[in-house]
Each structure stands twice: as structure tokens, then as C-alpha cells.
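Single-structure report; data block below.
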Amino acid sequence: MTNKLIIAPHVDDDVLGCGGIIDGNTFVLYCGLDESHLTGRPAMGTRIAEADKAAAYLGHKYLVLKNKVNNYTIPDLIPPIEKAINDIKPEEVYIPYPSYNQDHRVAYEAALVALRPHDTNFFVKRVFVYEQPHVFLWDNSHQIDSAFKPNYYKAIDIERKIKAYELMETQVRAFRSQETLRSMAQLRGAQSNLQYAEAFQILRYIGENS
């Protein structure tokens, strides 16, 4: 049974934002990959190999769409997201916060359209927005009333999340270091009376018995 669908703009966004809740009941839809010819960036094969390692460790399945990073468009992403929702019929969908990263904004907007109430679309009862280190460190809105506001928390095994992150070794960065992930999880845990937690913002929540 697959009850969680995660929409990830890039390979690693899923682990950074939702690594603590990814398990064998999770499917990740990656919106695309980096262009392999860019100087200093890993080849596409490397990113796929790292995604394979993380998936083997966390137990989930994934699909990578044939799009190039920084070239996503909302109309291009809506149909495959709708297809994934209709095929998987998840109980929960997790989408990225629309940060300063243009691909995250496009993925967020496309997911909102794909998740709309519609006669031909599977209706997902629970929709959440997930955060990542770059969202925590630099909110693009510069408006007090439009920052990420978590109102849903999940206890996580932070060591398991960090291990999954390290398996995507080309994506480990100083500004989103293992200690940054640990500190964020500890802070979100303090907000929710947990040791370590991931935080989400509810867009839609319909009870299990509804």
C-alpha cells in the first residue's frame, strides 16, 4: 500500500524535507534532473544512483520526470502529478514550500492545481507543505504574514534521516549540513514536545473516519 506521495522538485528535496517520514508506503515523484553538462555538477547517472541508494535504505519507490532543472513550467508538471495521484491514490500528499527557488515555486503551483477538487481526479484527503533548510534560513517573501507556518508535526529518527541524506553525497552542502538538519529537527521537536520532529503546514486535512 502506498499512502504517501511526495512531490520533489529535485533529487534530495524529498530527503531534506520529508526524510523522517519516508518509508515503504511512500512514493516520490521527482520533477526532473540537473543538466549533466553543467560545470561542476554531477552527471544525471550519479543523481539516479544516489536516489537508488536512498530508496533502498528508506524502502520507498520513486519516478523521475524527463524535465531539466530550472526549466520547469506549470503546464508541463500538472499532467504527470495528476497521473501519479490518480494511479497511486494516496491518503497524503506532501508538496514543497514555494521558496526563492524557482523550481520549487513551479512544483508547488502545479501540485495545487493537480490536487484541486475535480470529477476526474482522485481526491486526496490530506495535503501538507514541507520545509527545507533553505526555507528555514531564507524566506523569499520578506512578508511577516507569508512565511512557512508549521501546524503539523511528526516525530522522526534524526539519525536515519541524516544517513539517507549522506547517501546523496553530491548534494551534501555546508548550508544544509548534517548539524543543520539536526538543529532544525530539534527545534521543531521543541515546538511539539518531541525530541526530534519534522514540521509541515496543513493545506487540507480530512479526518480518517470522514
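General remarks:
- Here the relative contact order of region 95-195, from alpha carbon pairs under 8 Å that lie six or more residues apart, stands at 23 percent.
- On a per residue basis, the chain carries 48 Å² of accessible surface, using protein heavy atoms and a 1.4 Å probe.
- Within region 66-210: Cβ-based charge dipole about Cα centre, in debye rounded to nearest 20 (Lys, Arg +1; Asp, Glu -1): 80
- For the chain, the Rg and Dmax computed from alpha carbons only, in angstrom: 16.2, 52
- Here residue 182 sits with roughly 50 square angstrom of accessible surface, probe radius 1.4 Å.
- The lysines whose alpha-carbon is closer than 20 Å to the alpha-carbon of residue 68, local same-chain residues fewer than 8 away aside, are 83.
- For the chain, the mean residue ellipticity at 222 nm estimated from helices alone is -11500 deg cm²/dmol, where every DSSP H run of n ≥ 4 contributes -39500 (n - 2.57) and the total is divided by all residues, rounded to the nearest 500.
- For region 68-137: rounded, prolate or oblate by the Cα gyration tensor [a/c cutoff 1.5]: oblate
- Pairs spanning more than 29 Å between alpha-carbon atoms, out of 125/149; 61/125; 125/163; 4/53; 66/149; 66/163: 125/163; 66/149.
- Think of the chain as a dipole: +1 on every Lys or Arg Cβ, -1 on every Asp or Glu Cβ, centred on the Cα centre; then among 123, 74, 32, 123 lies furthest on the positive end.
The values are calculated or read from the model by the stated rules, or taken from the named source; none is laboratory data. Fair warning: this is a prediction, and the values are worked out from it, not measured in the lab. So basically every Cβ, Gly included, is an ideal-geometry build from the backbone, and we count neighbours across all protein chains shown. For accessibility, only protein heavy atoms count, side chains too; no ligands or nucleic acids. Shrake-Rupley method; radii C 1.70, N 1.55, O 1.52, S 1.80 Å.
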